Each structure stands twice: as C-alpha cells, then as structure tokens.
Amino acid sequence: LHVETQLGDGVAVPVDGNPAHYLISVMRVKPDDIVLLFDGRSGEWAARVRDMRKRDLVLECVRQTKAIEHVPDFWLCCAPIRKGRIDLIAEKACELGVAKLQPVLTRRAVVDKLNLDRLHAHLVEAAEQCGRTALPELGGLIKLEALLRDWPEDRWLFFADETGGAPLAEALPAHQGGAAFLIGPEGGFDPAERDAIRAVARAVPVSLGPRILRAETAAIAAASAWMTLNGD
Ligand code: SAM
C-alpha cells in the first residue's frame, strides 16, 4: 500500500478512506496482520495492524523489507495523448524503471491538458503491482519551448524522430550518463519544433525503426531499449 507518511522503525501510520476500506472490507485484515507499505522514498516496510476500527486503522512499521531502489537516471518526456494511452505510458514507464515522467505540450498535441492526480494514481498502482519502492517523479505539463530553454546541459536528449535519426542501437551506447527520450504527439512535431529540438546541444535524433509507431508504442519502445542497455 502506498502511504504519504514517511516510514521508519516504529512509525505509526493512520489509514482511512478508500485504503482503509480496501484493507478492512476487501483484504479483511485483522489485528497483528502484516501489511507492506511504501512511501516512495524510504523503501518498503512491513507494518503490523495495530488499532482497528470500523472505517479506519493504524499500522505500525515493524521492519524494512526492501531498501529504496536505485533507478537509472532516465527521463521520459512525452506529449499528452488521449487519456487511456498516456495512462498506459505512465504505467509502463513505472514498470520499466523510468526515473521521471515529464509531460510536454507541443503544437500538434491533440490533448492540451492532463489530470496529474490521475496519472500519479496510475504510477502508484503500477509501483504496487511491480514492487517498485521509488515512485517515478511526475513533472507538471510544460510547453516544449520551456523544456528546451531550461534543458540541463549535462543530459542527453534522445529525440524520437520518425523523419530520420541514428538507429537506437548505435545512438544509445554512444551517449552514457543522464538521459531522456522525447516522444511527440499523435500528429508528430511540426518542422519548427523539430529544428528547435535538434538545436539543443545534447540532442540526439534517433530512429525507432522503419514504421510509424503510435506515441505510446514509441515511448515504451524507447524506455525498454534504454533500460535494457543500462542494466536496470
Ligand atoms: N508524424 C507521424 C506520422 O506521420 O503519422 C505521427 C507521429 S507518431 C504517431 C508519434 C511520435 O512517435 C513521433 O512524434 C515520434 O516522436 C515517435 N515515433 C513514431 N514512430 C517513430 C519512428 N519510427 N522513429 C522515431 N520516432 C518515432
């Protein structure tokens, strides 16, 4: 279960609302049962059911079961696409060990707003399912111009460019260190955006093969290629 309380030895974690309903009515926990908790920054903790009432309970951390994991320093920057599909990107990015998911507003984006709470909930759900203890960071929706203007000098920007770019298998190994993949929206990037991205000092246009992939396919393919190479 994901909790906001910072976990630690003997820490009491009050649980109410839906999570309490899930534990009490669905999982039917009883006093002294053990629940696994994570807060996204302290690893995973076994917590004992201590005080239990009809609609809420208190869990007490008894031991750490997993340390906070190291995830490779990889960001996935993608345009907001239709609801179910950006949720899929969030879920797969979490499973694949992406460190940060950064939504980027581009000119041809079909969708121009995002429900970050919903996306965060998908990241938490995916982390619970795959046993990831460090939640991916979720950036707020920013314009492509702002992303490029403030791009960190020491971070490679692999730009998924279906109009031409180095094959992934060549580009990735040649550029180690902090990296990011930038994936366009359903309508792709417009020519001026393409030029602006290529003008970034550490931009590396890469091809994901001869076919035009859906944005979510491109995002998942890019993340899995980078994770495979970087041994996560
Ligand atoms: N311009 C595309 C078209 O002609 O239909 C639409 C964009 S594609 C659906 C969405 C994004 O996925 C692209 O902006 C690009 O970032 C990435 N992408 C798709 N196929 C790719 C490929 N073969 N190589 C590199 N990137 C690709």
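Springs between Cα atoms under 10 Å define the GNM used for the chain, and in it the highest mean-square fluctuation of G165, G17, G177 occurs at G17. Dipole magnitude for segment 5-81: about 340 debye, using +1 per Lys or Arg Cβ and -1 per Asp or Glu Cβ, origin at the Cα centre. A simple count of charges around P205, restricted to other residues whose Cβ falls under 13 Å of its Cβ and scoring Lys, Arg +1 and Asp, Glu -1, yields -2. In a reduced charge model with +1 at each Lys and Arg Cβ and -1 at each Asp and Glu Cβ, the chain shows a dipole moment near 500 debye about its Cα centre. Loop-located GluC sites (Glu not before Pro) in segment 124-193 (DSSP state not H, G, I, E or B) with no more than 11 neighbouring Cβ atoms inside 10 Å: E153. If you take all other residues with their beta carbon under 14 Å from the beta carbon of L114, and give Lys and Arg +1 and Asp and Glu -1, the sum is +3. The calculated 222 nm mean residue ellipticity attributable to helices in the chain amounts to -9000 deg cm²/dmol, summing -39500 (n - 2.57) over DSSP H runs of n ≥ 4 and dividing by all residues. Across segment 98-200, C-alpha contacts under 8 Å between residues 6 or more apart give a mean separation that, scaled by the residue count, equals a relative contact order of 38 percent. Sorted largest first, the spans of the alpha carbon positions of the chain along the three principal axes are 61, 33, 30 Å. Just so you know, the Cα atoms of segment 1-109 work out to an Rg and Dmax of 17.6, 55 Å. Residues K100, K143, K66, K113 ordered from highest to lowest accessible area at a 1.4 Å probe: K113, K143, K66, K100. In straight-distance terms, cross-link reach from K92 covers every one of the aspartates and glutamates whose alpha-carbon lies under 12 Å from its own, apart from those fewer than eight places away in the same chain; here that gives E125, E216.
For segment 26-93, chymotrypsin sites (Phe, Trp or Tyr not before Pro) meeting the loop criterion (DSSP other than H, G, I, E, B) and having at most 10 other Cβ atoms within 10 Å: none. Relative contact order, whole percent, for segment 5-80 stands at 34, derived from Cα pairs under 8 Å and 6 or more residues apart.
Within the accessible area of segment 117-218, the carbon and sulfur atoms contribute 53%, probe 1.4 Å, all protein chains present. Under a straight-distance cross-link criterion of Cα-Cα below 16 Å, which lysines are reachable from K143, leaving out those fewer than 8 residues away in the same chain? K143 reaches K113. From the Cα gyration tensor of segment 66-147, with a ≥ b ≥ c the square roots of its eigenvalues, which class applies: rounded if a/c is under 1.5, or else prolate if a/b is larger than b/c, or else oblate? It is prolate, given that a/c is not under 1.5 and a/b is the larger ratio. Screening the chain for whole DSSP H helices with an alpha carbon extent of at least 15 angstrom along the helix axis and a mean Kyte-Doolittle hydropathy of at least -0.5 yields 83-96, 116-130, 215-229. Here, segment 170-218 has an Rg and a Dmax of 11.8, 30 Å when only alpha carbons are counted. Per residue, the solvent-accessible area of segment 105-150 (1.4 Å probe, heavy atoms of protein chains only, all protein chains present) comes to 56 Å².
In order along segment 165-181, phi translates into HN-Hα couplings of x, 5, x, 3, 4, 8, 5, 4, x, 7, 10, 8, x, x, 9, 8, 10 Hz, rounded to whole numbers, per the Karplus curve 6.51 cos²θ - 1.76 cosθ + 1.60 with θ = phi - 60° and x for Gly and Pro. The overall shape of segment 193-232, judged from the alpha-carbon gyration tensor, is oblate: a/c is not under 1.5, and a/b is no greater than b/c.
The values are calculated or read from the model by the stated rules, or taken from the named source; none is laboratory data. Bear in mind that the values here come from a model prediction, so they are computed numbers and not experimental data. Using ideal geometry, Cβ is built from the backbone for each residue, glycine included, and neighbour counts are taken over all protein chains shown. When the accessible area is computed, the model is the full protein with side chains, heavy atoms only, and any ligands, DNA or RNA have been set aside. Shrake-Rupley method; radii C 1.70, N 1.55, O 1.52, S 1.80 Å.
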